[in-house]
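**Student:** Handing you a structure now.
The values are calculated or read from the model by the stated rules, or taken from the named source; none is laboratory data. None of the values given here were measured: they were computed from a predicted structure. Note: ideal-geometry Cβ built from the backbone for every residue, glycine included; neighbour counts use all protein chains shown.
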Amino acid sequence: MAKRIGFFIANGFQALDLFGPLDAFMEVNSFVSEAYICSLIGLEAGHVKTAYGQSLTVDGDIYQLPQFDYLVICGGIGMRQLELSSKQLNALRLIANSASRVVSICTGAFVLAKIFPEQSHRVTTHWRHCQQLARQAINYQVEQDPLFIESGAIWSSAGVLSGVDLALEIIRRDHGNTIAASVAKELVIYLQRRGGQAQYSDLLQVQSGDSMRLNPLLEWLAENYQKSISVPDMAERISISERQLTRLFKRHLQSTPSQYLNQIRLNRARDLITCESLNLEQVALRVGFASYDSFRRAFYAQFGVSPSYFSRNHG
């Protein structure tokens with residue numbers, strides 16, 4: 001039986017927050033007949049504008065449309081700043097209460113918190129707005145790191161494209177790994193970054209600082225982490241001394257060069273465990289560890305659980 005999904009948008013919504021998850025869900029219909037029926041909901045019938053001024057027409061307003069299995073609340077600057085009357089809140093609350101899943105994409109979490117202000121949930125949103133959401137949603141546990149979080153019937157995702165990751169996870173729950181993988185392949189994306197992964201990568205994090213001198217090395221390490229790489233190799237790569245290299249890493253990355261390389265390898269190993277059919281010994285070799293024992297010890301030191309435990313709970 002088809003699942004009905006309502007996407008709630010208002011003026012100033014982020015287009016990717018809508019079209020990313022919408023495309024993922026609708027692509028399922030290519031593999032499973034009438035798996036999802038998606039509708040756009042507005043505060044009123046007619047046109048709704050994106051954050052950049054483009055206009056589209058919703059299928060109906062929050063008072064007219066039928067019951068939905070899933071309610072998806074899109075984000076964007078307009079959604080984050082949206083003011084709702086008591087009548088509008090009550091209408092949205094009726095839709096949400098009748099849905100088996102309520103999903104917020106990015107700053108749609110601000111609307112979610114207005115619909116259910118008295119409830120207590122673990123949620124996430126774009127890292128830039130987590131502190132503001134925590135101040136406004138005092139009953140919520142706002143977490144900055146995850147790509148998405150499931151808290152009972154409430155699902156929330158971080159910035160823009162993580163909404164696709166969340167959609168793929170729901171598709172996986174509804175229709176299995178094969179269909180989710182097929183959808184990801186059609187969309188030409190990396191399948192199922194799981195919710196526990198960080199909102200932004202190690203490389204992006206350091207590029208946000210003043211470590212430009214390290215960037216060529218960091219980019220090279222991200223592409224060659226599986227090779228045998230020593231600290232002298234790294235120093236030679238950017239033509240500085242080992243001592244200077246270590247000083248730069250400690251200043252900008254709060255780690256030694258070797259620790260940083262291990263972090264890249266372990267984060268990649270975590271992705272392989274969750275997304276590919278490899279045994280743990282193969283994962284260890286794939287990411288550049290000489291033995292499984294050294295991999296196991298490093299994995300436990302970084303994540304606080306063994307690779308086997310992580311695999312059982314996330315694989």
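**Student:** Would you kindly identify the helices (runs of 4 or more DSSP H) lying entirely within segment 215-315 that contain at least 3 residues that are within 29 Å of the chain's Cα centre (by Cα) and outside the structural domain of residue 173 (by TED's automatic domain parsing)?
**Tutor:** Per the criteria, 215-224, 242-253, 257-275, 280-286, 292-303, 307-314.
**Student:** Also, I was wondering about something else. With (1) loosely packed, with under 13 Cβ neighbours inside 10 Å; (2) in contact with an Asp or Glu (Cβ under 9 Å, 6 or more places away or on another chain); (3) at pLDDT 85 or above as the list, and residue 231 as the residue in question, which single condition is left unmet?
**Tutor:** Answer for residue 231: the failing condition is (1).
**Student:** Just checking, does segment 16-29 include any residue being more than 21 Å from residue 168 (Cα to Cα) and surrounded by fewer than 16 Cβ atoms within 10 Å (Cβ to Cβ)?
**Tutor:** No - not one qualifying residue is present in segment 16-29.
**Student:** Quick check on my filter: what residues within segment 74-106 are closer than 17 Å to residue 43 by Cα and within 15 Å of the chain's Cα centre (by Cα)?
**Tutor:** 74, 75, 104 - these are the residues of segment 74-106 that are closer than 17 Å to residue 43 by Cα and within 15 Å of the chain's Cα centre (by Cα).
**Student:** Ok, one more. Go through segment 157-178 and give me each residue that's in contact with a Leu (Cβ under 7 Å, 6 or more places away or on another chain), buried (at least 24 other Cβ atoms within 10 Å of the Cβ) and under 13 Å from residue 108 (Cβ atoms).
**Tutor:** Those that are in contact with a Leu (Cβ under 7 Å, 6 or more places away or on another chain), buried (at least 24 other Cβ atoms within 10 Å of the Cβ) and under 13 Å from residue 108 (Cβ atoms): 157, 158, 162.
**Student:** Can you find even one residue in segment 244-256 that is touching a residue at least 40 places away in the same chain (Cβ under 8 Å) and under 29 Å from residue 305 (Cβ atoms)?
**Tutor:** Yes: segment 244-256 contains one or more residues that are touching a residue at least 40 places away in the same chain (Cβ under 8 Å) and under 29 Å from residue 305 (Cβ atoms).
**Student:** Kindly provide the set of residues from segment 135-145 that are more than 17 Å from residue 115 (Cβ to Cβ) and surrounded by 14 or more Cβ atoms within 10 Å (Cβ to Cβ), ordered by number.
**Tutor:** Of everything in segment 135-145, those that are more than 17 Å from residue 115 (Cβ to Cβ) and surrounded by 14 or more Cβ atoms within 10 Å (Cβ to Cβ) turn out to be 143, 144, 145.
**Student:** Starting from segment 140-166, take each residue that is over 17 Å from residue 100 (Cβ atoms) and list its partners that are small (Gly, Ala, Ser) and surrounded by fewer than 20 Cβ atoms within 10 Å (Cβ to Cβ), counting only C-beta distances under 7 angstrom and pairs at least six apart or across chains.
**Tutor:** What qualifies is 140/120; 142/134; 145/198; 146/196.
**Student:** Can you go through 42, 76 and tell me which one is of a type outside the set (D, E, K, R), on the phi > 0 side of the Ramachandran plot and crowded, with 16+ Cβ neighbours inside 10 Å?
**Tutor:** 76
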